[in-house]
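The values are calculated or read from the model by the stated rules, or taken from the named source; none is laboratory data. Everything numeric here is computed off the predicted structure, so don't read it as measured data. As a convention, Cβ positions derive from the backbone with ideal geometry for all residues, glycine included, and neighbour counts pool all protein chains shown. Quick note on the areas: whole protein, heavy atoms, side chains included, nothing else; ligands and nucleic acids left out. Shrake-Rupley method; radii C 1.70, N 1.55, O 1.52, S 1.80 Å.
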Amino acid sequence: MSQIQERGSTHVYKVNRISKEEIDSMAELCVYEQPPFCNAACPLKLDTRAFLKAAAAGDFKKALQLYEKIAPFPLILSRGCEAPCEAKCRLCELGDGVAIRAVEAAVARFGQQSKLGGIFRTKKKKNVAILGSGLFPLFLAGELEKKAYPITVFCEQEDLAAFLRCEAGFLDEEAFALELKRLKGKDIQFVFSCEFTRGFLEEKRGAFDVLCASESVAKRLFPEAAPVPELMYYEEEKLVSGPARGVMEAAFGAKKAALTVDRLAQNLDPRNTRGQEGPVGSRLYTDLSEAKELRRISGSGADYTPEEAAAEAGRCIQCHCEECLKSCAYLQHYKKHPGLLAREIYNNTQIIMGDHQLNKPMNACSLCGQCSVVCPNGFDMAHVCHLARQNMVSTDKMPLAPHEFALLDMLFSNNEAFLCRPQPGFERCRYVFFPGCQAAAIAPDTVRAAYEDLCARLEGGVALLLGCCGAIGDWAGRCEMEQQTREFLDRELAKLGDPIVIAGCPSCRKELSTHEGLRITGIWDVLLEIGLPAGGHGLDRPAALHDSCGARGEKQTQAAIRAIAAQLGCELVDTPYSGDRAPCCGYGGLAAYANREVAAEMTEKCLERSDAPYISYCMACRDRFARQGRESRHILELVYGTDAGDPPDISEKRKNRLALKYALQRELWGEEAMEKKLDYPLAFTPEARQMMDERMILTEDVIAVIEDFRESGEAIRDEDGLLVARRRVGNATFWVKFACEGEGFLIHRAWSHRMKVVKREG
Amino acid sequence: MAAEKNYYTIDPQGKLSCVKCGVPLIKGKAKFMYLDNGFPVELPVCPVCGFVYVPEELALGKVASVERALEDK
């Protein structure tokens with residue numbers, strides 16, 4: 001039996017197949033983290049989506065909390081805001097955008113104010129003075145109070161009500177009273193009836209770390225000076241102030257000024273580390289198909305009641321892009337959007353010492369590429385995971401365990417189970433039939449029927465090649481193994497006279513089409529051209545057609561299968577996610593070997609699309625659906641009137657391949673070929689069979705242990721009187737618990753581990 | 001001198017015997033090795049031929065979880 005070298009754990013290699021720039025540009029395609037358009041348009045960066053969600057749920061307290069993050073005085077802002085968000089609402093494209101400002105006004109009025117936490121907060125050591133009155137000083141005081149600066153406002157008015165009145169005179173009495181109460185509740189010192197002169201300013205400069213002023217006070221004191229508007233700062237005069245006309249500009253100006261104060265208080269340049277300020281663009285994709293309420297709620301009065309506001313907020317469609325997450329069981333399992341997962345998987349490849357915690361997610365992707373079709377930007381998670389696997393292999397950090405069984409299976413297909421023969425009577429052939437390893441493993445009778453049909457009806461000779469296309473090596477990220485398979489197959493095909501390959505499996509077709517100069521077609525295309533053989537028939541009830549992920553982007557293949565199904569009299573039911581958008585059954589990318597749990601979810605995801613029987617054109621899909629108890633048929637079974645029956649276990653899959661090979665060798669090519677027979681009886685309890693299938697232990701592994709026992713007599717007897725023997729095969733030690741029955745053996749249990757165990761001296 | 005550290009100990013308690021040597025297994029010193037790492041353990045061992053027994057529960061439990069952890073290093 002072939003063996004694959006296990007990696008060491010302490011070697012460090014520096015081969016990199018994936019660059020940070022490459023992964024960054026790929027991750028950039030994912031728009032999941034892009035802001036919704038309303039939020040992007042807001043200079044104050046209100047989390048509009050969350051705000052409207054809370055308001056729609058009637059949770060005005062939470063909505064107000066969110067709103068207060070950008071508005072220290074919510075009633076003032078919601079009255080005077082110009083609402084640039086509303087124009088950007090995606091619902092505007094279908095009808096009326098959400099009346100966000102009106103909802104804000106209702107939330108500001110009816111929302112229960114959360115308890116002020118200012119009293120117990122540790123105040124900053126640097127203090128700030130604000131000179132003057134108006135919207136800008138008011139908002140700035142509010143912003144700085146949130147940042148826990150000790151603030152003193154010096155104003156010309158004689159009391160707080162007069163101070164607020166001159167700034168928010170447009171509020172009605174009720175709103176005014178509320179905002180006055182809010183202002184009184186804030187930890188801001190006021191000094192009234194001040195007269196602003198240069199002397200006053202200089203005097204305060206000595207007592208405060210940062211000085212701020214309203215635009216009118218700044219202009220009065222420094223008529224010649226000009227501020228830097230983006231910083232809201234008079235640099236020469238060391239005074240925080242700037243132009244702020246209207247509620248919106250004042251609020252945005254206060255935000256910028258508060259950041260400038262922050263930087264100045266720390267003796268840092270106010271120009272640096274400011275982040276992104278003001279409105280931005282967004283690349284978010286939004287599926288508008290589910291938008292229902294397209295007309296704005298008309299209020300019973302001038303303002304919304306709480307119920308009306310909640311109803312209006314409920315019209316928000318909560319713009320977000322989850323196109324890939326909706327359809328992909330893998331992304332759903334890890335609950336991560338691909339932009340984030342791609343970065344994490346890339347980081348996983350860069351770890352030299354330490355845990356590679358993303359190995360499992362990296363190996364769980366089926367590499368089916370569905371995301372690249374459903375994503376509006378074509379994000380291809382398969383490409384990321386595939387590159388990452390190759391990278392891990394090339395740096396010798398990839399564990400062998402998740403893929404070893406499949407890789408050994410590939411080697412088995414191209415060694416013991418391999419067969420390449422020209423059609424009897426031909427030396428060189430025009431065609432070669434390449435059914436694929438899973439077809440021979442799962443439906444050997446169908447493979448034989450198809451081959452004999454092609455031989456009978458095609459001119460120029462049809463060779464047969466039973467083997468693996470190399471996709472397994474490719475999926476495992478093992479480029480060398482894939483390359484060796486490629487060269488091996490090319491040599492075999494050359495011996496046949498470089499015939500046209502007739503692939504029986506879309507994934508083989510995809511893999512083989514990467515061979516230089518190789519001509520390839522699918523058996524479905526050939527059958528459509530020469531006509532279906534007699535004896536085939538469709539199912540007697542409607543069935544769902546599951547498109548193979550190997551045929552993604554192959555419109556001709558998808559159409560050919562549908563045409564064959566129609567000719568067979570199949571009635572096909574429509575399913576979501578068909579054609580190019582079809583999900584993987586869980587076999588692709590070796591997901592079924594590396595992560596059974598996720599693979600099972602993938603199969604479930606395929607099956608939840610319809611209750612009907614499934615017709616597929618990839619044998620792995622047929623097998624996985626049948627294993628889940630669904631009536632499942634491969635299109636070639638229907639074409640040739642064969643029935644592969646119940647799905648075989650892992651040992652039967654090997655046995656089927658060998659039996660097909662030997663039978664064809666004997667019956668078509670007259671060769672002497674027989675399966676090796678044991679010269680002693682070997683039986684298994686049903687429990688042992690099931691256990692072996694679950695634990696990926698082959699009959700031949702058990703035979704290896706028994707033969708070792710027969711030779712060495714080494715075993716232990718347990719308390720039940722059963723014997724337990726073991727043998728190291730490749731990178732694993734297999735243990736078998738059995739009873740001797742005359743000449744033969746009855747296998748009760750089997751288990752394995754990869755660690756080597758030895759006796760320790762001393 | 002401090003006692004030598006063993007990561008895992010199983011005492012056969014006379015319930016297991018070596019078929020070849022016809023003697024009961026005893027608690028003996030053994031070592032698991034995987035990916036350049038070694039772990040001293042005490043497992044049922046034949047005192048004559050040195051056959052080391054790894055019970056099913058140990059193989060599927062502790063051994064499997066340590067294998068996973070080492071594979072991801």
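Annotations for the structure displayed:
- Residue that is nearest to A:LYS397 (Cα to Cα) [pool: residues in the range B:21-56 that are within 9 Å of another protein chain (Cβ to nearest Cβ) and open to solvent by 50 Å² or more (accessible area, probe 1.4 Å)]: B:ASP36
- Figure legend. Inter-residue proximity from the range A:23-38: first residues of a type in the set (D, E, K, R), second residues open to solvent by less than 50 Å² (accessible area, probe 1.4 Å), beta-carbon distance below 7 Å, spacing 6+ or different chains. Indicated pairs: A:GLU33/A:GLY339.
- Qualifying residue in the range A:362-378 (condition: open to solvent by 30 Å² or more (accessible area, probe 1.4 Å) and among the aliphatic types (A, V, I, L, M)): yes
Each row is one residue, and each column tells you yes or no for (1) over 17 Å from the mean Cα position of the chain (by Cα); (2) under 10 Å from A:ALA329 (Cβ atoms).
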site: A:ALA560; (1), (2): yes, no
site: A:ALA565; (1), (2): yes, no
site: A:GLY579; (1), (2): yes, no
site: A:CYS585; (1), (2): no, no
site: A:LYS605; (1), (2): no, yes
site: A:SER610; (1), (2): yes, no
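- Test: A:PRO576 is modelled with pLDDT under 95 and open to solvent by 10 Å² or more (accessible area, probe 1.4 Å): yes
- Test: residue in the range A:391-398 that is assigned to a helix (DSSP H, G or I) and open to solvent by less than 10 Å² (accessible area, probe 1.4 Å): yes
- Condition broken by A:GLU714, with the remaining ones in (1) open to solvent by 40 Å² or more (accessible area, probe 1.4 Å); (2) within 14 Å of chain B (Cβ to nearest Cβ); (3) assigned to a helix (DSSP H, G or I) satisfied: (3)
- Selection from the range A:738-759 of residues that are open to solvent by 30 Å² or more (accessible area, probe 1.4 Å) and among the basic types (Lys, Arg): A:ARG749, A:LYS756, A:LYS759
- Of all residues in the range B:1-20 being at the interface with chain A (Cβ under 9 Å from one of its Cβ atoms) and at pLDDT 80 or above, the one that is surrounded by the most Cβ atoms within 10 Å (Cβ to Cβ): B:CYS18
- Qualifying positions in the range A:293-324 - under 20 Å from A:PHE37 (Cβ atoms) and either free of Cβ contacts under 8 Å to residues at least 60 places away in the same chain or touching a strand residue (DSSP E or B) at 6+ places or on another chain (Cβ under 8 Å) (or both): A:GLU293, A:GLU323
- Assessment of the range A:627-649 against the conditions (without any contact (Cβ under 8 Å) to a residue 60 or more places away in the chain, of a type in the set (A, V, I, L, M) and not assigned by TED's automatic domain parsing to the domain that holds A:VAL729) yields no matching residue.
- Every pair of residues 6+ apart whose Cβ atoms lie under 8 Å, when the first sits in the range A:408-430 and is under 20 Å from A:ALA476 (Cβ atoms) and open to solvent by less than 30 Å² (accessible area, probe 1.4 Å) while the second is aromatic (Phe, Trp, Tyr) and outside any loop (DSSP other than H, G, I, E, B): A:ASN414/A:PHE488
- Filtering the range A:231-248 to residues that are free of Cβ contacts under 8 Å to residues at least 24 places away in the same chain and open to solvent by 20 Å² or more (accessible area, probe 1.4 Å) leaves A:GLU235, A:GLU236, A:GLU237, A:ARG245.
- When A:ALA218, A:ALA168 are checked against the criterion of being crowded, with 18+ Cβ neighbours inside 10 Å and at pLDDT below 90, a single residue qualifies: A:ALA168.
- Candidate set from the range A:476-488 (those that are touching a residue at least 60 places away in the same chain (Cβ under 8 Å) and within 25 Å of A:SER366 (Cα to Cα)); member that is farthest from the chain's Cα centre (by Cα): A:THR485
- Annotation note: Cβ proximity below 7 Å between a residue of the range A:337-363 that is within 11 Å of another protein chain (Cβ to nearest Cβ) and a residue that is among the aliphatic types (A, V, I, L, M) and surrounded by 18 or more Cβ atoms within 10 Å (Cβ to Cβ) (sequence gap 6+ or interchain) occurs for A:ASN348/A:LEU358; A:ASN348/A:MET362; A:ASN348/A:ALA388; A:LEU358/A:ILE345; A:MET362/A:ILE345; A:MET362/A:ALA388; A:ASN363/A:ALA594.
- Pick from the range A:734-762, criterion of a type in the set (Asp, Glu) and touching a strand residue (DSSP E or B) at 6+ places or on another chain (Cβ under 8 Å), ranking: nearest to the other protein chains (Cβ to nearest Cβ): A:GLU761
- All helices (runs of 4 or more DSSP H) inside the range A:249-360 with 1 or more residues being open to solvent by 10 Å² or more (accessible area, probe 1.4 Å) and among the basic types (Lys, Arg): A:323-327, A:338-349
- Pairs, first within 11 Å of A:VAL210 (Cβ to Cβ) and in the same structural domain as A:PRO227 (by TED's automatic domain parsing) in the range A:254-270, second open to solvent by less than 40 Å² (accessible area, probe 1.4 Å) and small (Gly, Ala, Ser), C-beta under 8 Å, six or more apart: A:ALA257/A:SER241; A:ALA257/A:GLY242
- A:ARG689 meets the conditions (1) modelled with pLDDT of 95 or more; (2) open to solvent by 50 Å² or more (accessible area, probe 1.4 Å); (3) within 12 Å of chain B (Cβ to nearest Cβ) in every case but one. The failed one is (3).
- Cβ-Cβ under 7 Å pairs, at least 6 apart or on other chains, the range A:132-159 side closer than 19 Å to A:PRO243 by Cβ and in contact (Cβ under 8 Å) with a residue 40 or more places away in the chain, far side among the acidic types (Asp, Glu) and surrounded by 23 or more Cβ atoms within 10 Å (Cβ to Cβ): A:SER133/A:GLU167; A:GLY134/A:GLU167; A:LEU135/A:GLU167; A:LEU138/A:GLU167
- Within the set A:LEU568, A:LEU512, A:LEU539, the sole residue that is open to solvent by less than 40 Å² (accessible area, probe 1.4 Å) and touching an Asp or Glu at 6+ places or on another chain (Cβ under 9 Å) turns out to be A:LEU539.
- Restricting the range A:717-733 to residues that are facing another protein chain (nearest Cβ under 10 Å) and not aliphatic (A, V, I, L, M) leaves a set whose member that is surrounded by the most Cβ atoms within 10 Å (Cβ to Cβ) is A:ARG726.
- Cross-chain or 6+ apart pairs with Cβ under 6 Å, the range A:516-541 first and closer than 19 Å to A:ARG633 by Cβ, then modelled with pLDDT of 95 or more and open to solvent by 80 Å² or more (accessible area, probe 1.4 Å): A:LEU532/A:GLN567
- The residue that is nearest to A:LEU496 (Cα to Cα), counting only those in the range A:551-565 that are of a type outside the set (D, E, K, R) and open to solvent by 10 Å² or more (accessible area, probe 1.4 Å), is A:GLN556.
- Test for A:ILE697: is it within 19 Å of B:LYS20 (Cα to Cα), within 14 Å of another protein chain (Cβ to nearest Cβ) and under 46 Å from the mean Cα position of the chain (by Cα): no
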